[in-house]
Amino acid sequence: GLSDQPTRRGALIVVEGLDRAGKSSQCEKLCDHLSNQKQAVKYVRFPDRTTPIGKLIDSYLRGSSQLDDHSIHLLFSANRWELAKSIQDDIAHGITVIVDRYSYSGVVYSAAKANPTLSLEWAWQPEIGLPRPDICLFLSISAQEAAKRGGFGAERYENETMQTRVRELFRTIFERQHDVCIVDAGGSFDQVSQEILGAVSNCMVRLDAIGPLRT
Ligand code: DGP
Ligand code: NA
Ligand code: NA
């Protein structure tokens with residue numbers, strides 16, 4: 001009977017982009033949209049600053065502590081690993097998980113530091129085996145557009161030099177990546193959101209064909 005049907009799994013949706021690209025408000029809109037369609041949905045944001053590891057990251061980002069580039073890189077990755085099991089479980093139970101920043105931010109922000117022993121390749125290693133997104137939406141804005149959206153905050157990485165390197169590295173890795181959907185985030189909120197909703201609904205249709213959550 002119908003009750004024997006396995007639950008259709010949820011999707012793993014990742015939203016990436018520069019600071020001020022509009023990730024968080026677009027994630028909120030996407031959550032609302034899916035909830036309105038009676039889809040179970042959860043929002044996860046990395047770094048998750050509430051865990052013990054997340055508190056170390058928060059202190060580092062606010063400049064209250066100093067850490068070696070490799071050490072902080074591994075903490076960001078550990079912060080994703082500590083939530084990996086719960087993300088997998090939610091997805092298996094039919095919940096779609098929307099993730100605000102993931103491994104792509106992880107490798108790009110660290111590699112942008114141009115530390116000679118912290119290459120993109122090195123930075124990828126601790127990400128291997130994490131749940132793989134069914135879709136990654138990259139919210140792309142130009143340097144000029146970013147500047148228009150207001151000044152930098154006080155956190156580490158919120159400066160012109162870092163943001164320029166981050167933008168270049170995001171472009172470099174996403175050129176090689178096939179399962180990434182590049183969204184022009186320079187348009188109006190509604191234009192951007194329409195593009196995101198369209199890409200996500202295509203992904204949902206393909207979900208059965210994709211099969212189980214990959215790593
Ligand atoms: P957010 O809370 O989204 O504003 O992120 C905080 C800052 O940390 C932001 O500048 C991006 C950066 N970031 C996010 N994830 C990672 C990561 O895994 N590694 C590094 N090095 N930086 C990250
Ligand atoms: Na930030
Ligand atoms: Na941000």
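FYI, it's all coordinate maths here, none of it is from the lab. Everything numeric in this text was worked out from a predicted model, so none of it was measured. Every residue, glycine among them, receives a Cβ derived from its backbone with ideal geometry; neighbour counts consider all protein chains shown.
Some values worked out for this structure:
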quantity	calculated
Inter-site label distance for Glu160 and Gln125 at 7 Å from Cα along Cβ, in nm	3.6
Leu67 paired with Glu28, simple spin-label distance in nm, labels 7 Å along Cα-to-beta-carbon	2.8
Value of [θ]222 nm, deg cm²/dmol, for the chain, DSSP H segments ≥ 4, -39500 (n - 2.57) each, nearest 500	-16000 deg cm²/dmol
23 Å tail of the calculated P(r), the stretch 61-152, as % of Cα pairs	38
Evaluated over the stretch 2-209, the Cα radius of gyration and Dmax, each in Å	17.2, 57
Student exercise, the stretch 24-169 dipole from Lys, Arg, Asp, Glu Cβ charges, in Debye to nearest 20	220
0 to 90° range, to nearest 10: angle between helix 52-61 axis and the chain longest Cα axis	40
Three-way shape label, the stretch 1-40, alpha-carbon gyration tensor, a/c 1.5	oblate
Cα-based shape type of the stretch 1-76, given that a ≥ b ≥ c are square roots of the gyration tensor eigenvalues and the cut on a/c is 1.5	prolate
Peptides 146-159, 121-134, 33-46 ordered by average Cβ neighbours within 10 Å, highest first	121-134, 33-46, 146-159
